[in-house]
Amino acid sequence: MSIPDRSTAFPSNHAPADGSACFSIHAMCAPGTLPRLLAPVGQRSLVPDRWHSIVASDGELQVDVQVDGLPTRDADLIAAKLRALIDVRTVLICRKG
């Protein structure tokens with residue numbers, strides 16, 4: 001069974017000239033935390049280009065998310081929504097490109 005090509009159904013997030021927004025998130029490790037972290041990105045009809053999560057030795061969830069082509073204003077709004085989540089302890093944001 002092959003995976004269908006959805007490159008035309010889901011175009012790139014934004015123009016490549018906008019660079020990438022990278023979010024580093026530390027949160028409590030709970031069953032509903034990951035979907036809540038994804039929601040602010042999904043509410044903008046975006047899909048993260050990279051997502052890496054681990055449970056650290058102290059039991060805290062550490063998540064790194066990259067969204068390519070995200071304007072600075074949108075990245076700041078997403079970071080603010082993430083910081084407002086009850087499970088979230090820290091959100092850092094940086095720009096690449």
Seminar exercise, completed: For region 39-78 the number of residues that are under 13 Å from residue 26 (Cβ atoms), of a type in the set (A, V, I, L, M, F, W, C) and surrounded by fewer than 19 Cβ atoms within 10 Å (Cβ to Cβ) is 3
Exercise. Within region 27-38, how many residues turn out to be among the hydrophobic types (A, V, I, L, M, F, W, C) and surrounded by fewer than 13 Cβ atoms within 10 Å (Cβ to Cβ)?
Worked result: 1
Problem set entry | region 19-72, residues that are touching a helix residue (DSSP H, G or I) at 6+ places or on another chain (Cβ under 9 Å), of a type in the set (D, E, K, R) and free of Cβ contacts under 8 Å to residues at least 40 places away in the same chain | 44
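Values in this text are rule-based calculations from the coordinates and carry no lab data. Source: prediction; values computed, not measured. Counting neighbours? That spans all protein chains shown, and the Cβs are built from the backbone with ideal geometry, glycine included.
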